[in-house]
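The values are calculated or read from the model by the stated rules, or taken from the named source; none is laboratory data. Since the model is a prediction, treat every value here as computed from it, not as a measurement. Methodologically, a virtual Cβ is constructed for each residue, glycine included, from the backbone with ideal geometry; neighbour enumeration extends over all protein chains shown. The accessibility values were calculated without ligands, DNA or RNA, using every heavy atom of the protein model including side chains. Shrake-Rupley method; radii C 1.70, N 1.55, O 1.52, S 1.80 Å.
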Amino acid sequence: MLRMRFYLYTSFVLLYIINLFATSEMLTYIQGGIGLVAVLFSIHNASRTYQLIGIIFASIGAGLFIIYDLPTNNLLPYMTSMGLLISLLYLIPFINHFMIVGKFDQSIYQLLQSNTHHLGSFYAKSYLTSYVLTLFIFLSMVPLSYQLVKDKTAHFNDRLTHEFGTRSILRPLATANAWSPIEVYIALVVGITGAYYLELLPVLLGFSLIMAAIDIGLGYTRYRSYQLTNESSHEERSQSQSWKHIGLLGLFLVLFVATAAITHNLLALEFFDAIIITIVPFTIVWALAINRLRTFIHYNREVWHQQLWTMQNFVMLLVPIGFFNEVVQDTGVFEPLLSQLSWLEEQPIWLFIFIFLSAVILAFAGFHPLVTLSLQGIVVTPFLDTISPLSVSVVMVISVVANDMTGTFNIPITMLNQYFKRNPYQLTLWNIGYALLFGAVGVGIALLFV
């Protein structure tokens with residue numbers, strides 16, 4: 001069963017990549033058939049939440065497909081509509097593994113141990129470290145960052161440690177994901193709105209830097225009265241090497257985006273499609289450059305089976321949602337309802353506020369962010385001819401990544417709360433004020449580009 005899922009997921013991704021160049025209708029049908037079979041093989045081992053969401057969206061989509069008597073030859077192509085996101089999720093671990101094999105995470109952690117005399121300065125370093133790690137190892141940084149925060153704040157009470165950890169780990173996670181070139185939520189938003197990522201990037205990066213500066217300042221001021229013990233000379237000596245590794249990672253990210261942009265222009269691909277075909281060769285070249293190629297290949301072989309446990313959930317979620325979205329688009333079932341919202345064309349601020357608040361409220365109710373984005377996509381699509389797709393994209397991205405720190409039942413809070421053992425709504429409350437500021441700044445920036 002595990003081997004069959006490996007073959008199904010891999011062939012689905014390979015066919016998606018091949019079809020970027022071949023644009024073959026036959027390959028699309030084959031890929032759709034593989035996607036359908038992959039869902040059937042994923043149902044049993046997917047987590048209960050993903051099973052439920054996938055079955056609900058597949059059932060509603062199938063019902064609409066039958067009621068509106070859509071052509072049966074559309075069925076398999078509908079199964080390929082989320083090929084971009086599935087491919088991105090399948091290949092992103094290559095970057096995570098490069099980070100681990102190169103031992104960059106270990107070097108960066110040293111920065112948390114040097115020249116840190118009070119919790120205020122530790123908050124700034126913890127925030128920046130979590131921010132950098134998010135760009136490369138994503139959710140894997142949560143347990144690693146938590147352990148360091150726990151060790152450094154061991155002599156404080158649990159409430160302070162938990163509040164500090166919640167803010168210094170989840171807030172930079174959301175802030176970094178607001179512009180990350182390999183963030184799947186951004187890829188989905190760009191697919192919905194048709195915005196150009198390289199035009200969106202400087203806006204989102206500027207927003208991210210503004211919010212990082214604000215929160216570091218707030219954290220420094222809030223926690224600077226809590227004193228820490230002095231560090232050893234050995235920890236001081238390690239600081240220079242750690243900064244070199246951060247510089248190298250910065251170069252890695254800049255060159256990665258540049259390589260994807262060049263590939264995007266030379267091959268006339270969508271930017272995130274260029275990202276997909278860039279990831280593997282780029283990480284291999286960098287592993288070779290740091291003399292870790294053999295270790296990199298061996299590590300991928302050793303841990304790749306673990307990736308399948310994540311992929312079965314995403315396949316179970318994304319293929320049915322993609323099917324549902326395609327059916328809804330072709331049937332126009334929501335057009336009468338959406339026509340009642342046409343007044344929002346003249347008042348885009350209310351559309352932006354609706355996008356943000358709906359993302360926050362649905363996250364409180366336990367909706368997966370990909371489900372939220374898909375539902376929002378149905379609402380915003382009619383307005384993209386009159387309201388700037390760039391503005392809509394900015395609000396959608398900022399709204400969905402804000403749930404990395406406030407989504408009560410989202411993965412980041414769930415992971416962190418495995419250590420805290422607190423009511424998850426408490427973690428949300430510690431971040432809700434900053435999240436509202438996060439959204440307000442995002443809406444304000446979006447209005448500048450309407």
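Short-range pairs are left out: with C-alpha atoms under 8 Å and at least six residues apart, the relative contact order of segment 312-409 is 37 percent.
Largest first and in whole Å, the equivalent-ellipsoid semi-axes of segment 180-319 read 32, 24, 18, each the square root of five times a Cα gyration tensor eigenvalue. Each of Glu199, Glu326 has its accessible area taken with a 1.4 Å probe; listed largest first, they run Glu199, Glu326. Annotation for segment 188-225 versus segment 400-427: alpha-carbon center distance of 20 Å.
The radius of gyration of the Cα set in the chain, together with its Dmax, comes out at 22.2, 74 angstrom. The Rg/Rh ratio of segment 36-159, with Rg taken over Cα atoms and Rh as the Kirkwood radius over Cα pairs, comes to 1.20. Charged side chains reduced to their Cβ positions (Lys and Arg at +1, Asp and Glu at -1) give the chain a dipole of some 1660 debye around its Cα centre. The long axis of helix 271-289 is offset from the longest Cα principal axis of the chain by roughly 40 degrees. At 1.4 Å probe size, with the rest of the protein present, what percent of the exposed accessible area of the chain is carbon and sulfur atoms? Ligands and nucleic acids excluded, carbon and sulfur give 64 percent. How tilted is helix 293-331 with respect to the longest principal axis of the chain? Cα atoms for both, answer in degrees (0 to 90, nearest 10). Once rounded, one gets 40 degrees.
Under the 0.36 nm per residue contour assumption, what length would be gained going from the current alpha-carbon distance of Tyr29 and Val333 to full extension?
Working it through step by step, the gained length comes to 106.9 nm.
Secondary-structure-derived ellipticity at 222 nm for the chain, considering helices only, amounts to -25500 deg cm²/dmol, per-run term -39500 (n - 2.57) for DSSP H runs with n ≥ 4.
Quick one: compute the contact order of the chain, relative version, from alpha carbon pairs under 8 angstrom and 6+ residues apart, as a percent.
The normalised contact order for the chain reaches 26 percent.
Helix 348-364 and the long axis of the chain differ in direction by around 70°, with both axes built from C-alpha atoms. All C-alpha to C-alpha distances of segment 239-287, sorted into 10 Å bins beginning at zero, yield P(r) values of 26, 44, 21, 8, 1 percent in whole numbers.
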